[in-house]
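The values are calculated or read from the model by the stated rules, or taken from the named source; none is laboratory data. Keep in mind the model is a prediction, meaning the values are calculated, not measured. All Cβ positions, glycine included, derive from the backbone under ideal geometry; neighbour counts span all protein chains shown. In case anyone asks, the SASA skips ligands and DNA or RNA and just uses the protein heavy atoms, side chains included. Shrake-Rupley method; radii C 1.70, N 1.55, O 1.52, S 1.80 Å.
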Amino acid sequence: EPAIPQLVHALDDDSRYVRGHAAEALRRIGTPEATDVLLDYLLATRWCAISSPQNEWYP
């Protein structure tokens, strides 16, 4: 649980692997705080960064 602030910071890392491991760590911690942080991150990043109205997969 003391690692949550560092994991929050890791969710902004350029490496998708660092972000993925941080997300997994938050899931494993499982406290309400860690779960809230993880859900906020997942909801904010659920859309593909390259999607646009010109793309057939645009929501």
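Structure summary
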quantity	calculated
Contacts under 8 angstrom Cβ, first residue in region 1-14 being in contact (Cβ under 8 Å) with a residue 12 or more places away in the chain and under 12 Å from A25 (Cα atoms), partner in a loop (DSSP other than H, G, I, E, B) and open to solvent by less than 90 Å² (accessible area, probe 1.4 Å), 6 or more apart	E1/T31; I4/T31
Enumeration of residues in region 1-31 that are of a type outside the set (F, W, Y) and open to solvent by 100 Å² or more (accessible area, probe 1.4 Å)	E1, P2, Q6, H9, D12, D14, R16, H21, R27, R28
